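Quick note: the coordinates plus some simple rules give every number you see, no bench work behind them. What you are looking at is a predicted structure, and each value in this text was computed from that prediction instead of being measured. Positions of Cβ are generated from backbone atoms using ideal geometry, with glycine treated the same way; all protein chains shown enter the neighbour counts.
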Amino acid sequence: MKDFFRVVAVVFHPLFMPVYVTLIAIYYVDYIYFAIDPKTKDFLLVVMAINVFAPAISLGTMVSRKIISDIQVSIRKERYIPFLLMLFYFCVTYLLLRCKLGNGFLPSDIYSMFCGVICSLVIALLVSFRFKISIHTLAASGVLGAICAFSHMYQFNATFNEYFWISLLACVLGLVGASRIYTGHHTLIEVLAGSSVGFLINYLMVGNNYFL
């Protein structure tokens, strides 16, 4: 069972969650799917892939140089540099999308989604000075919050409706939370705190179309 939960923690690592929500948004939210041309979709996915591999390589380097203990960043006091690094990558990605594509190429929903991720990371960084909030559940609940916001604004396509995605992502969040508790990385309070912050920030940002 412990090995299963370790796999869950890897598959749904916070680095991957923005990619998952982007894939769901651009392929299963009808408004976004038809608003983005195929070449722009390809460019966006390449940017997202880079945004996964670059932080992953950086985290791996920090582990090998013993700057952090493990890639899960289990020790609260070691979180500041990785969090700042992830913030840097996401901010650069956001600026790249805004400057390279600008208005008209991507729906504003995509920009508000990125801003939701950035705001979640900023809050997690600030909270981590005093409290070890679960970043895994923050990221998983952030995806759920964004998809819930989309379901209130737009209709998904007939094959995969919003109830399917919301149910699936709620199950994923439950699995991720259980994995963090079972493997001893977090307490129930830390998991609930991460879930609440991630969901609320991303739901409000995407649902109200907030972005810079």
Inset, instruction - All but one of (1) of a type in the set (A, V, I, L, M); (2) without any contact (Cβ under 8 Å) to a residue 24 or more places away in the chain; (3) surrounded by fewer than 17 Cβ atoms within 10 Å (Cβ to Cβ); (4) closer than 22 Å to GLY194 by Cβ hold for ILE57, so report the exception by its number. - result: (4)
Inset, instruction - Considering only the range 184-212, state which residues are in contact with a helix residue (DSSP H, G or I) (Cβ under 7 Å, 6 or more places away or on another chain), of a type outside the set (Val, Ile, Thr) and touching a residue at least 60 places away in the same chain (Cβ under 8 Å). - result: GLY194, SER195, GLY198, ASN202, MET205, ASN209, TYR210, PHE211, LEU212
Inset, instruction - Report, ordered by the first and then the second residue, all pairs with beta carbons closer than 8 Å, sequence separation of six or more or different chains, a first member in the range 167-183 that is under 22 Å from CYS148 (Cα atoms) and free of Cβ contacts under 8 Å to residues at least 40 places away in the same chain, and a second member that is among the hydroxyl-bearing types (Ser, Thr, Tyr) and part of a helix (DSSP H, G or I). - result: LEU173/THR137; LEU173/SER141; LEU173/SER195
Inset, instruction - With the condition kept exactly as written, say whether any residue in the range 66-78 is hydroxyl-bearing (Ser, Thr, Tyr) and outside any helix (DSSP H, G or I). - result: yes
Legend entry - Selection within the range 122-143 - crowded, with 24+ Cβ neighbours inside 10 Å and within 12 Å of ASN202 (Cβ to Cβ): LEU138, ALA139, ALA140, SER141, GLY142, VAL143
Inset, instruction - Check off (1) part of a loop (DSSP other than H, G, I, E, B); (2) in contact with a Leu (Cβ under 9 Å, 6 or more places away or on another chain); (3) among the aromatic types (Phe, Trp, Tyr) for TYR111 and give me the number that stays unchecked. - result: (1)
Legend entry - Unmet criterion (only one of (1) surrounded by fewer than 12 Cβ atoms within 10 Å (Cβ to Cβ); (2) touching a residue at least 24 places away in the same chain (Cβ under 8 Å); (3) basic (Lys, Arg)) for LYS39: (2)
Inset, instruction - Could you tell me whether the range 119-140 includes any residue that is in contact with a helix residue (DSSP H, G or I) (Cβ under 6 Å, 6 or more places away or on another chain), in contact (Cβ under 8 Å) with a residue 60 or more places away in the chain and over 21 Å from LEU15 (Cα atoms)? - result: no
Legend entry - Within the range 153-212, tally of residues that are within 17 Å of the chain's Cα centre (by Cα) and not polar (S, T, N, Q): 29
